[in-house]
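**Student:** Before I ask anything, here is the structure I am working with.
The values are calculated or read from the model by the stated rules, or taken from the named source; none is laboratory data. This is a predicted model, so every value here is computed, not measured. Heads up, the Cβs are rebuilt from the backbone with ideal geometry, glycines too, and the neighbour counts pull from every protein chain shown. We work out accessible area using only protein heavy atoms, side chains counted, and drop any ligands, DNA or RNA first. Shrake-Rupley method; radii C 1.70, N 1.55, O 1.52, S 1.80 Å.
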Amino acid sequence: MDITNFDDPDFVDFLWTLSDQLESEEQDILQRVVDGGRAAYGALSNKEKRIFDDIVDVNTITNCKRCGDPIPWNDMIEARNSGGYCSYCRNNKPNLDDDD
Ligand SMILES: [Zn+2]
């Protein structure tokens with residue numbers, strides 16, 4: 001995916017939250033990028049970049065599974081934990097599983 005969000009504080013918060021759930025090697029890479037932003041990402045080795053991109057990729061829900069709305073970074077962890085739904089759908093559909 002395209003990583004262009006280093007100036008977005010919500011994206012940085014998302015990385016912080018993720019780092020709690022990672023192995024120490026991944027955590028180290030993530031924290032370097034959180035601290036140093038785009039420059040730190042640019043300074044990663046190819047292997048580290050791949051690890052970072054994978055971490056972001058597997059933890060990112062681009063669009064809500066039900067309504068298709070883009071998921072904002074500040075709701076990403078919740079959306080991921082709920083199975084891929086935006087806050088609107090989570091709050092307005094008590095039985096998301098019945099909707100398909
Ligand atoms: Zn939705």
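**Student:** Can you tell me which condition Asn74 does not meet? The list is (1) more than 16 Å from the ligand (Cβ to nearest atom); (2) part of a helix (DSSP H, G or I), and all the others hold.
**Tutor:** Status for Asn74: all satisfied but (1).
**Student:** Also, quick follow-up: Quick one: Ala79 ticks every box in (1) touching a helix residue (DSSP H, G or I) at 6+ places or on another chain (Cβ under 7 Å); (2) within 16 Å of the ligand (Cβ to nearest atom); (3) assigned to a helix (DSSP H, G or I) bar one, so which box is it?
**Tutor:** Among (1) touching a helix residue (DSSP H, G or I) at 6+ places or on another chain (Cβ under 7 Å); (2) within 16 Å of the ligand (Cβ to nearest atom); (3) assigned to a helix (DSSP H, G or I), Ala79 violates only (1).
**Student:** A further question follows. Go over the candidates Asp35, Asp54 one by one and state the one that is within 18 Å of Asp7 (Cβ to Cβ), away from the ligand (no atom under 16 Å from the Cβ) and open to solvent by 60 Å² or more (accessible area, probe 1.4 Å). Explain how you work it out, then say what you get.
**Tutor:** On the way: Asp54 fails: within 18 Å of Asp7 (Cβ to Cβ).
On inspection, the qualifying residue turns out to be Asp35.
Every residue, every condition in (1) within 16 Å of the chain's Cα centre (by Cα); (2) assigned by TED's automatic domain parsing to the domain that holds Asn91; (3) at pLDDT below 95, yes or no:
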site	(1), (2), (3)
Met1	yes, no, yes
Asp8	yes, no, yes
Val12	yes, no, yes
Leu18	yes, no, yes
Gly36	no, no, yes
Ala39	no, no, yes
Gly42	no, no, yes
Ser45	no, no, no
Gly68	no, yes, no
